[in-house]
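The values are calculated or read from the model by the stated rules, or taken from the named source; none is laboratory data. A quick note: this is a predicted structure, and the numbers were derived from the prediction, not measured. Please note: Cβ atoms are built from the backbone with ideal geometry, for glycine as well, and neighbour counts cover all protein chains shown. Accessible surface areas use protein heavy atoms only, side chains included; no ligands, DNA or RNA. Shrake-Rupley method; radii C 1.70, N 1.55, O 1.52, S 1.80 Å.
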Amino acid sequence: MRMLPQRVDGDHAPVRAFRGATSPQSSLKNSVSDRSHRSANSVIEAFPDTTTVAVVIVNFFKADRLVECVRSLARQSGAQKMTVAVVENSADSGEHQRLAKAAAEHGFVLVNPELNLGYTKGCNLGVQALAPTDFVVLCNPDIIWDEPDSIERLIAIAASDPSIGVVAPLQVSDDGALVETARNFPTLLHQLKRRLWPERGNEIHLIDPLAEGKTDLIDVDWLQSSCVVIRRSLWNRLGGLDQRYFLFMSDVELGRATWNQGMRVCLTSSVRVRADGKRASAGGFRSLLTSRTQRSHLRDAIRYYLANGFRSGRRPLLPDASS
């Protein structure tokens, strides 16, 4: 994995990005629209070799598992074509120290905003901290890449079909159970159902064609961004993830925007990754009283429905689709 030491200046707080303990060497304004990668004082240098994949991991109190994730990335057969940025959103000295040590050992860019920017801004900042590549991989810190050619196969799938804008592998939890990562676009009624009766609102059935071996690739409305490959040209057209959202719903918007751009969102069974199986959004209505995460989910959901309507559950048709 190749990276470039750098400093990234954020809108809200100092942001330190560096490889291990190396001093920062350049700066970048934290603006997704700043495509030139220029700041008032410097320009991000180009990587010496062409890279294919920018992997971005946003950490929130999962440093130990994240180190496992990074080690599994280093074992990938295409590791020499990857650059990795870790955005430290915990704003915790202990987490930062563990990640700084790991950055020195494994050579990833550690971006430290010194506050919790939220998942969406964290992803965008992480992509900015790396030089442009053909594909962006958003990867949660709990993801373990057990199969050594996983990323190469995902990239090959995306590169083989220009209609694919987003593609993701199947996820299994540490105990081997399939993880629900593909969803239909939500309606307010269905989201209430998921809260009141989680099992009845579950959409794990969407991956049945993959689980039953009927096909190895399906189209879905949207995917959890816990492990997805995004074509960089699409990422650039969209301006990254939608920063109206702090923690949730930006991946739903990514699905809508991808279909609106005339591109597909796909899930494949030809690659599997392992996750810890813990959902940040898990919990019923009572959790709103005790969980800041759940209250954030509610706020982001309100923003989503105000922007898209309360019955926004239909997938936009591709321009050449007949049904």
- Note on the structure: Of the listed residues (Arg274, Arg200), the one being more than 24 Å from Thr133 (Cβ to Cβ), out of contact with any Leu (no Cβ under 7 Å at 6 or more places or on another chain) and in a strand (DSSP E or B) is Arg274
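Scanning the stretch 137-153 for residues that are hydrophobic (A, V, I, L, M, F, W, C) and more than 16 Å from Gln80 (Cα to Cα), which turns out surrounded by the most Cβ atoms within 10 Å (Cβ to Cβ)? Outline the logic, then answer.
Within the stretch 137-153, the subset hydrophobic (A, V, I, L, M, F, W, C) is 137-139, 143-145, 151.
Narrowing the set further to residues that are more than 16 Å from Gln80 (Cα to Cα) leaves 138-139, 143-144.
Values: Leu138: 28, Cys139: 26, Ile143: 24, Ile144: 16.
Per the stated criteria, the residue is Leu138.
Residue-wise test of (1) open to solvent by 20 Å² or more (accessible area, probe 1.4 Å); (2) in contact (Cβ under 8 Å) with a residue 12 or more places away in the chain; (3) in a strand (DSSP E or B); (4) on the phi < 0 side of the Ramachandran plot.
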residue: Ser233; (1), (2), (3), (4): yes, no, no, yes
residue: Leu241; (1), (2), (3), (4): no, yes, no, yes
residue: Phe248; (1), (2), (3), (4): yes, yes, no, yes
residue: Glu253; (1), (2), (3), (4): yes, yes, no, yes
- Message: I'd like the residue in the stretch 209-228 that is within 12 Å of Glu180 (Cβ to Cβ) and more than 13 Å from the chain's Cα centre (by Cα) and, out of all such residues, is least open to solvent (accessible area, probe 1.4 Å).
- Response: Val220
- Please specify each residue of the stretch 36-69 satisfying the condition of being over 27 Å from Ser93 (Cβ atoms), of a type in the set (Phe, Trp, Tyr) and at pLDDT 50 or above. none
- Query: Quick one: is Ser225 closer than 20 Å to Leu170 by Cα, in a strand (DSSP E or B) and touching a residue at least 24 places away in the same chain (Cβ under 8 Å)?
  - Reply: no
- Odd one out for Ser163, checked against (1) exposed (fewer than 15 other Cβ atoms within 10 Å of the Cβ); (2) closer than 26 Å to Asn260 by Cα; (3) at pLDDT below 95; (4) of a type outside the set (D, E, K, R): (3)
- Note on the structure: Only one of (1) closer than 19 Å to Val273 by Cβ; (2) at pLDDT 95 or above does not apply to Asn112, and that is (1)
- Item | Of residues in the stretch 70-81 being open to solvent by less than 70 Å² (accessible area, probe 1.4 Å) and either modelled with pLDDT of 95 or more or touching a Ser or Thr at 6+ places or on another chain (Cβ under 6 Å) (or both), the one nearest to Pro148 (Cα to Cα) | Gln76
- Considering only residues that are surrounded by fewer than 15 Cβ atoms within 10 Å (Cβ to Cβ) and over 19 Å from Leu241 (Cα atoms), look in the stretch 294-318 and name the one that is modelled with the highest pLDDT. Gly309
- Within the stretch 85-136, can you find the residues that are in a loop (DSSP other than H, G, I, E, B), open to solvent by less than 50 Å² (accessible area, probe 1.4 Å) and closer than 13 Å to Val56 by Cα? Asn89, Phe108, Ala129, Leu130, Ala131, Thr133
